[in-house]
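Written out below as structure tokens is the structure these notes cover.
The values are calculated or read from the model by the stated rules, or taken from the named source; none is laboratory data. This one's a predicted model, so the numbers in the text were calculated from it and none came from an experiment. All Cβ positions, even for glycine, are placed from backbone atoms using ideal geometry, and neighbour counts span all protein chains on display.
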Amino acid sequence: MFRRENTDERIQKSPKGRFLHILGILFFAIYFVLGIAVIFWDKFPIEMESTYRIAFGILLIVYSFLRFIRLLQNK
């Protein structure tokens, strides 16, 4: 009566594909955490004005979300 198309079947990724997927998630997390750390770390090792430090942190966070969106599109 009703036809299900690929709802029960999932295509399993190759080991290379799984590794790259996990690596993509890892780098998303690294860039995101680094952006948060740059913004909120009071004694940041590189001497920067707070405005530049916040702008750099926001740039890292935006870049991490761009990587995450690209990761979702490759799925």
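Listed by first and then second residue, the pairs linking a residue in the range 31-59 that is surrounded by 13 or more Cβ atoms within 10 Å (Cβ to Cβ) to a residue that is among the charged types (D, E, K, R) and assigned to a helix (DSSP H, G or I), with Cβ atoms under 8 Å apart and 6 or more places separating them unless they lie on different chains, are 31/67; 38/53; 39/53; 44/53.
A quick yes/no check of all residues on (1) modelled with pLDDT under 95; (2) in contact with a helix residue (DSSP H, G or I) (Cβ under 9 Å, 6 or more places away or on another chain); (3) part of a loop (DSSP other than H, G, I, E, B); (4) β-branched (Val, Ile, Thr):
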{"site": "4", "(1), (2), (3), (4)": "yes, no, yes, no"}
{"site": "7", "(1), (2), (3), (4)": "yes, no, yes, yes"}
{"site": "16", "(1), (2), (3), (4)": "yes, no, no, no"}
{"site": "21", "(1), (2), (3), (4)": "yes, yes, no, no"}
{"site": "33", "(1), (2), (3), (4)": "no, yes, no, yes"}
{"site": "53", "(1), (2), (3), (4)": "yes, yes, no, no"}
{"site": "58", "(1), (2), (3), (4)": "no, yes, no, yes"}
{"site": "73", "(1), (2), (3), (4)": "yes, no, no, no"}
